[in-house]
Amino acid sequence: MRRLPVLMLLLWVCATFYVGIYLFVGGFMLVRLEVNRSSSCSDVLPPGDEAGRFCRGEPRFRRAVLLIIDALKVNFAQFDPTNIMPLPFENKLPVLQEVTASRPTQSRLFAFRADPPTTTMQRIKGFTTGSLPTFIDVGNNFASNAILEDNLVHQLGEAGKRVVFMGDDTWESLFPKKFHRSLPFPSFNVKDLHTVDDGILKHLYPTLQSSDWDVLIAHFLGVDHCGHRFGPNHPAMADKLTQMDGVIRSVIRLIENDTLLIVMGDHGMTDTGDHGGESLKETDAALFLYSPTPLFPPPGSQVEPEVVPQTDLVPTLALLLGIPIPYSNIGQVLLPIFPQDTDPAGTQSHLTQAEALWINAKQVNRFLETYALMAKDISPESLSRLRGRFAGLAAEYREVLREGGAPSPALLGGLQEYLGAVRDVCRTTWARFHPLKMLSGLLVMATACLVTLTASELPRLAGAGEGPSLAPPLVVGVLAGGAAVTVQLMSVGWAEAGWFLGAAAFASQSVYLWRLLRAGRGAKASQAQRWGWRGLLLSLPCIPLLVLFLRCASLLSDSYVIAEGRVVTFLLLSLGLYVPLRLNWDGLLFTPSPDPQKPPCPFPPAASCSPSAARRESLALLACLGVLAASAYAVPSLAACREEQGDCEPSPLLLPLSRVQDSRARNLRYALSVASLAAWTGLLRLWLRRCGNLNGPGPAVLVARWVFPLAAVSVGLHWAVDATPEDTFRGLADLIALSLTALPRAAFGLLGLGAALLWLDPLTVFLKARSLAGPSPAPRYRASTGVSTQAELRHLIPQLYQHMRLSLEDGAQPRAPGADGRPSVEAYGLGTVYSAALLLLAGLLGLGLLLLHPEGVSLAFVLLLLEAAALLQLHASSSNLVALQGALMGGFSVPWVPVILWDLAATQFFHGTGHLPTFPSIQWGAAFVGFPKGHSGTLLPGVLVTLNTFSSHILFAVGCPLLLFWPLVCEVRGGQRGRGHTADGDEGDETVMEMKLRERPADFSAALLQLAMRFLFVKGAQVLASALAAAILRRHLMVWKVFAPKLMYEASGFVVASVFILLSFALVMRVDVAVNSWFKRLVPEQPR
């Protein structure tokens, strides 16, 4: 078997896909250009020569207190006195209603709308810079980088104001060394409801009562974490909101007349407590403003906004505190806070509405001109229209100043319209694209798909030593990349890694594809067959690839992406139903039709001529189809819901046990979870025992016998501890806290140990030598053929031993069996040695991935196991029915149908395990399994969340080689279940099972490569389709809500699946090395 060439070819193909994805994403999701300039009080804002008037006069407020209650949804802040039975999140902040009702000129409560993405870091950027973070910034939410743009914190520091911060440590990474005093607390542990809030309360009131501050920022996280952990409809949410009510009351009591209080949420939350998207439930937070002195006009005297954009807070606070508006702000001042222009003499001691709007408009116009000059991505028509509009408003405002009158409402309205128009233009412009990079990425991905498709049809030429070497394409690729870098250096003076990688990938792909097709033409010409692109296309099956095409085409529709779970289920069942229909059409279902070209069978009992064998396989195929249908229809009931699916109800099993308030329901849920966990462990061990792979003393058998069950017990115990309510067993709080850390880490440790032992020695073969001196007792264990014990002993081992001797080119004749006809060596589990290692690895990974999910998802994992087994048996039975007619004799090729079914099942269970291609659906709690106190870095939590999100991709990728091995394990054998004689009376080789592959190493390598290439083609085609959808529909209304997240998920899923595909095929090759070593050790031990 050519192990290294096959693995290197697969690695190269995956790398070319990665380069294509990198290029496309780099062109599609560029971060907008940041204008790294700062405002100052000495700035002259044209038109006019009003130097120093950017922040003129005495500020209206000398101090400010900013209380940020993370995820303070606007509904949480509202109070309904008629609601006599409020939900846990309703009517828990009565202080806001009491103050606005009793002191209407001193306070207001607004809906505070954030711009998506609604993640904490982007929101902090938004309400401190006044700008709009871009989509790609979502990935930085837990690896926050310092804000380089001008912002409120910077301006406050420049003005000499002492800014004191306490709370979410995200602020420290965004504003390093910017605070007069800082008290950050770890924010990533969403299960911790109290540490941050209690830390703030310890310092908040003493700080308020001191004089060592000018601006106090306190960022509470308890409400947000409570939403993530329990959801809004939970008693813990009522407790948190009640605590915040008390905090607000105390702060109102303590602040002085020159202090402005701002209470705000940075975003909202969905009904499940998540956020990150752009639904109104996620974007609409609350904004409460209060001052001990009059702040607003009497209610009804002015038109006030119903919703305040979050960016509008920036210019408003800047002008109230007497500092310059940050340079890149595109927000608009909140007019009701500023007095109307009723005094034409200009004797107002503070900025009037017209003055505030004029300063705001000039600042936005300056930013617009600077940005347009630097970025050049605003359309000339929009820029010209905005410039003309501002010039007209400027002339009108200066005319009003010369005349000494009050600005008209039309002028104020015009300034507001101008500010809104600039914001709209910026919002549409900042979806910046790089068309050349996008096109290059699409070209590299499309060529990679073509390479995998061609290699899958020519597997022997591609990887079995009969085709082109990979070295020349790699050399050409490096040269092409170097040429691209040289051209870039000569033209622009700098080089970008993306262009080097893109040129290298495309050049190497082109050369390899050309050499492969040329070799294919030569091989086919020698067989008097035409070959080329036409021959390649004609060799492809229509129906399976049509299903794949429909799957890819559905990615170009937002409706189909939203309903992806149901679409994939339909395609899965349709293609599954195609298998028996095609067999029936060919006359192979139930009764094989006689082949006039085939000689009559010499032995009537032979399985290849027996109608009973066809009937048995047909019934097995239909039974597997039934299991597939039942599982496929059960999985959608376990899925989550997108916010676009209004009539959808998420599965209650996705709710963690800690959120289930009814103790009886919690106990039933736990029992179901433990039963599912036992089924996952028991079914895999049952199959390994049935195949004879649990008999030896080797490390892999030790893993299956002891490590696997012990890890499952640790998982079950962790679920029990994690589901314990916080107010239960208070005396055992320390022990529970220790268990929440120790149990999952013990499970992870056991699983890691099991994987290491499996790699060290993956053989699950039990070898027993029989003494010829006396009668040998009957074997205690069944071997892996599935036939009778005597048949195993009479046929399997002597034949394997003979082939082993021949494959090692040993000149001696194999030792004859004993006088009783029994062999001198008995080996158990050898026929399933490859699949046993894969199943054991999948079982270990499944336990680890299950640990990262809520307990109820264990039922989905069992359904995944059953559906995977049904797909494997469907493939095996179909192969057996075709083989009964001799149509597939002598080949190990895995058809397209099972490969596409395998991938569709992976996508289906992506939804079945509670995931969606949206950012709010990310299960962040996975990062804290075993680490309840959080992490010091972001790598480990990122890995845990990635494993949780793509668990189905991982399991089906690891199990992909089973599509090659399963038909050999379940193939129909000789008549009477073990006699298997050929026409000349010699023993047949029907019982060799997976050892057939080892006897034909070139075919083994080709079959492995073909399977991997087909799987990568199916995966890569979907990534390409997602990229095409994002590129074609980049100006679509739903691009950032549907198509961009789907692209990110498809690309990430491909990367994860390809990594584990490489891992699984590497394990197969490791087993092959171990089998070869085992045979070599066995030969000298046998007497010659």
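The values are calculated or read from the model by the stated rules, or taken from the named source; none is laboratory data. Because the structure is predicted, anything quoted here is derived from the model rather than measured. Every residue, glycine among them, receives a Cβ derived from its backbone with ideal geometry; neighbour counts consider all protein chains shown. Please note that ligands, DNA and RNA were not included when accessible areas were found on the heavy atoms of the full protein model with its side chains. Shrake-Rupley method; radii C 1.70, N 1.55, O 1.52, S 1.80 Å.
Among the residues of segment 827-853, those that are part of a helix (DSSP H, G or I) and farther than 28 Å from Arg998 by Cβ comprise Leu847, Gly848, Leu849, Leu850, Leu851.
Of the residues screened, Arg582 is not one that is at pLDDT 50 or above and over 24 Å from Pro541 (Cα atoms).
For segment 226-285, filtering for residues that are among the polar types (S, T, N, Q) and outside any loop (DSSP other than H, G, I, E, B) leaves 5. Checking each residue in segment 674-724 for being more than 31 Å from the chain's Cα centre (by Cα), open to solvent by 60 Å² or more (accessible area, probe 1.4 Å) and over 19 Å from Leu863 (Cα atoms) picks out Arg689, Arg690, Pro697, Leu702, Arg705, Trp706.
On the stretch given as segment 641-673, residues that are more than 20 Å from Arg229 (Cα to Cα) and free of Cβ contacts under 8 Å to residues at least 60 places away in the same chain total 6.
Please tell me if Leu1033 is surrounded by fewer than 17 Cβ atoms within 10 Å (Cβ to Cβ), modelled with pLDDT under 95 and not β-branched (Val, Ile, Thr). For Leu1033, the condition - surrounded by fewer than 17 Cβ atoms within 10 Å (Cβ to Cβ), modelled with pLDDT under 95 and not β-branched (Val, Ile, Thr) - is not met. The residue that is nearest to Ala111 (Cα to Cα), among those in segment 283-313 that are of a type in the set (Ser, Thr, Tyr) and surrounded by 20 or more Cβ atoms within 10 Å (Cβ to Cβ), is Thr283.
Please work out which residue is surrounded by the fewest Cβ atoms within 10 Å (Cβ to Cβ), limiting yourself to segment 658-673 and to residues that are hydrophobic (A, V, I, L, M, F, W, C) and part of a helix (DSSP H, G or I). So the residue we want is Ala671. Residues that are open to solvent by 40 Å² or more (accessible area, probe 1.4 Å) and of a type outside the set (A, V, I, L, M, F, W, C) within segment 259-282 comprise Asp271, Thr272, Glu278, Lys281, listed in sequence order. Residue count for segment 114-163, restricted to those that are among the polar types (S, T, N, Q), open to solvent by 20 Å² or more (accessible area, probe 1.4 Å) and at pLDDT 85 or above: 0.
None of Leu847, Leu838, Leu872 is under 22 Å from Leu654 (Cα atoms) and out of contact with any Lys or Arg (no Cβ under 6 Å at 6 or more places or on another chain) except Leu847. The set of residues in segment 164-189 being under 19 Å from Gln122 (Cβ atoms) and either open to solvent by less than 20 Å² (accessible area, probe 1.4 Å) or part of a helix (DSSP H, G or I) (or both) consists of Phe165, Gly167, Asp168, Thr170, Trp171, Glu172, Ser173, Leu174, Phe175. Using the structure shown, decide if Thr316 is buried (at least 19 other Cβ atoms within 10 Å of the Cβ), within 30 Å of Arg427 (Cβ to Cβ) and of a type in the set (Ser, Thr, Tyr). So Thr316 fits the description; yes. Summed over segment 475-495, residues that are part of a helix (DSSP H, G or I), open to solvent by 80 Å² or more (accessible area, probe 1.4 Å) and in contact with a helix residue (DSSP H, G or I) (Cβ under 9 Å, 6 or more places away or on another chain) total 4. Of the numbered criteria (1) part of a helix (DSSP H, G or I); (2) modelled with pLDDT of 85 or more; (3) of a type in the set (A, V, I, L, M, F, W, C), the one Leu694 fails is (1).
Across segment 157-194, the number of residues qualifying as out of contact with any His (no Cβ under 9 Å at 6 or more places or on another chain) and polar (S, T, N, Q) comes to 2.
State whether the residues of segment 99-108 include one that is more than 17 Å from Gln310 (Cα to Cα), within 41 Å of the chain's Cα centre (by Cα), modelled with pLDDT of 90 or more and assigned to a loop (DSSP other than H, G, I, E, B). There is no residue in segment 99-108 that is more than 17 Å from Gln310 (Cα to Cα), within 41 Å of the chain's Cα centre (by Cα), modelled with pLDDT of 90 or more and assigned to a loop (DSSP other than H, G, I, E, B).
Counting only helices (runs of 4 or more DSSP H) that sit completely within segment 524-566, those holding 1 or more residues that are more than 20 Å from Leu1028 (Cβ to Cβ) and at pLDDT 90 or above correspond to 542-554.
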